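Reading through the structure tokens given below for one structure.
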Amino acid sequence: MNYLAAFVMAIISYALIDNVVLSRFYGICSFIGVGNKVKSSLCMGAAVAFVIIMAAAICWPLYNFLLVPAGVAFLDTIAAILVIACLVMVVGLVMKKFLPALYQSLGIYLPLITTNCAVLGVVSENIASNLDFGMAMANAVGTSVGFALVIFLYACIRVRLEASSTPKAFKGIPIALVVASLMAMAFMGLQGIGA
Amino acid sequence: MTVLYSVLILAGLGLFFGIALVLFGVLFHVQEDERIKEVEKMLPNYNCGACGYAGCHQMAENLVSGKEPLVSKCKPGKKDKNYDPIIAYLSSHPDPDGTVHVPK
């Protein structure tokens, strides 16, 4: 019961309090790049969530049952990148087959999940903080929920921004960056929950 | 020993994921217009993105479908090496229903 409570608390903490984009500043590239259409942002959130959860689930046993016993724990990063790249390729192939329109609208940002630091960040954080498998998965789930939530909210705001009259100098990306910083400040308000 | 294990483990992982990807590639194979491949070969294949598309493949797709009317959007392309062969190829290879999309 205690473990379950800790598990849920960890998910909430990783999703909201230590939000991956707005407090830890991982995965900004796709956040800015895809966060201008609600539908593609939702799909990006789902794709990143799939890659993060699968990568964490594969890399944890890979590290603890293969790399550490063999005495080559220093290979963790390169092994994680192999796993992540493979997963992203699979997501791309599946999406091209079943959701070609979405595949088009995500464009280059889909293969770029490979280099999304949110994914590698979760995997190496799990290794660096010596989390057990349950907590590692809580980290993965919380981080993906946080990423999907934030990119979705951001896309909703940006869609409305496009329809409103912003000063000419702020049109497009500049006002989007201002919005991102305001959102980061709003999420700062959640920091008190943990304490 | 460490070197041997590192090499073995990474090679094993690479092989495993490679085979997995080949299987997925066969399983989720998408039939594409053959002309896209041909046009892509005639583009410079720098994947620089100067045309505004994600890469040469996407540019080729849009040229073949006629959504992109300007082959000169490809900035590193040369007129005699890239533009002219693509225009010649697309004017001699119409869509299955007979429509011809010739870019400029």
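Okay, here's what the table says:
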quantity: Loop-located chymotrypsin sites (Phe, Trp or Tyr not before Pro) in chain B whose Cβ has at most 15 other Cβ within 10 Å (DSSP); calculated: B:28, B:46
quantity: Coil-residue trypsin sites (Lys or Arg not before Pro) of region B:37-97, DSSP, other Cβ within 10 Å capped at 10; calculated: B:67, B:78
quantity: Estimated dipole of region A:1-144 in Debye, rounded to 20 [Cβ of Lys and Arg +1, of Asp and Glu -1, Cα centre]; calculated: 560 debye
quantity: Using θ = phi - 60° and Karplus 6.51 cos²θ - 1.76 cosθ + 1.60, couplings along region A:86-100 (whole Hz; Gly, Pro as x); calculated: 5, 4, 5, 4, 5, 4, x, 4, 5, 5, 5, 6, 9, 10, x
quantity: Unit charges on C-beta of K, R, D, E only; dipole of the protein assembly as shown, Debye; calculated: 840 debye
quantity: Relative contact order of region B:1-91, defined on C-alpha pairs under 8 angstrom at six or more residues apart (%); calculated: 23 percent
quantity: Choice from A:16, A:42, A:82 with maximal GNM fluctuation in chain A (Cα, 10 Å cutoff); calculated: A:82
quantity: Fully extended contour minus Cα-Cα distance, from residue B:67 to residue B:93, at 0.36 nm per residue; calculated: 7.7 nm
quantity: Pairwise centroid distance, computed over Cα atoms, of region B:21-80 with region A:14-92, Å; calculated: 29 Å
quantity: Signed unit charges on C-beta, dipole axis of region B:7-89, positive-most listed residue B:20, B:86, B:50; calculated: B:50
quantity: Degrees, to the nearest 10: A:133-163 long Cα axis against longest axis of chain A; calculated: 10 degrees
quantity: For chain A, calculated [θ]222 nm from helices alone, where every DSSP H run of n ≥ 4 adds -39500 (n - 2.57); calculated: -22500 deg cm²/dmol
quantity: Degrees between helix B:56-65 axis and first principal axis of chain B (Cα, 0 to 90, nearest 10); calculated: 40 degrees
quantity: Relative contact order (%) - criterion: Cα under 8 Å, at least six apart; region: region A:54-155; calculated: 35 percent
quantity: When each of A:171/B:104; A:37/A:96; A:168/B:67 is checked by Cα-Cα distance, pairs over 21 Å; calculated: A:171/B:104; A:168/B:67
quantity: Within region A:37-68: backbone nitrogen closer than 20 Å to the residue B:1 label point (7 Å, Cα to C-beta); calculated: A:63-68
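Every read-out reported here was derived from the displayed coordinates using simple, explicitly stated rules and does not represent laboratory data. Note that this is a predicted model, so its numbers are computed, not measured. Note that each Cβ is placed from the backbone with ideal geometry, even for glycine, and that neighbours are counted across all protein chains shown.
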